[in-house]
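The block underneath contains the structure these notes are about, expressed in structure tokens.
The values are calculated or read from the model by the stated rules, or taken from the named source; none is laboratory data. Note that the coordinates shown come from a computational prediction; the quantities given were computed from them, not determined experimentally. Here the Cβ is made from the backbone with ideal geometry for all residues, glycine too, and neighbour counts use every protein chain on show.
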Amino acid sequence: MMCGIDDAIQYIRENCHDAQADLVINRLEYHRNQAEGVKPRYHAEQGIKYYYTCRNCGKTVELIDNYCGGCGFAIQWDNVRCLTGLPLVDIAEKDMTGGQA
């Protein structure tokens, strides 16, 4: 029988009443949070330099990272990132004009 993490936590809370149950519940909640992920924290320094850090552990993450290298949490970016290096506006204009920019 397969169940989700929430079902497993509920089952342990209802049926297990020993000291180890709290440790198992804490570990399952940690893995659920790890899979759901966190949004990165934005840091801007003087001028145009900026960087992002993981909200869970504080390690610097790059724009190409989907997971934090320090804690393994999924990184939830606010928008879709174009990794091709082409500006999205130019691509949309070419599509609308039939390839003539």
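Before moving on, here are some points about what is shown:
- Residues of the stretch 46-76 classified as polar (S, T, N, Q), more than 16 Å from E36 (Cβ to Cβ) and assigned to a loop (DSSP other than H, G, I, E, B), total: 1
- Residue within the stretch 15-24 that is β-branched (V, I, T), touching a strand residue (DSSP E or B) at 6+ places or on another chain (Cβ under 7 Å) and modelled with pLDDT of 90 or more present: no
- Single residue of the stretch 13-37 satisfying the filter (without any contact (Cβ under 8 Å) to a residue 12 or more places away in the chain and surrounded by 10 or more Cβ atoms within 10 Å (Cβ to Cβ)) that is farthest from the chain's Cα centre (by Cα): C16
- Test: residue in the stretch 82-92 that is out of contact with any Cys (no Cβ under 7 Å at 6 or more places or on another chain), surrounded by 10 or more Cβ atoms within 10 Å (Cβ to Cβ), at pLDDT 80 or above and assigned to a loop (DSSP other than H, G, I, E, B): no
- Residue within the stretch 38-55 that is touching a strand residue (DSSP E or B) at 6+ places or on another chain (Cβ under 6 Å), touching a residue at least 24 places away in the same chain (Cβ under 8 Å), closer than 21 Å to D6 by Cα and surrounded by 14 or more Cβ atoms within 10 Å (Cβ to Cβ) present: no
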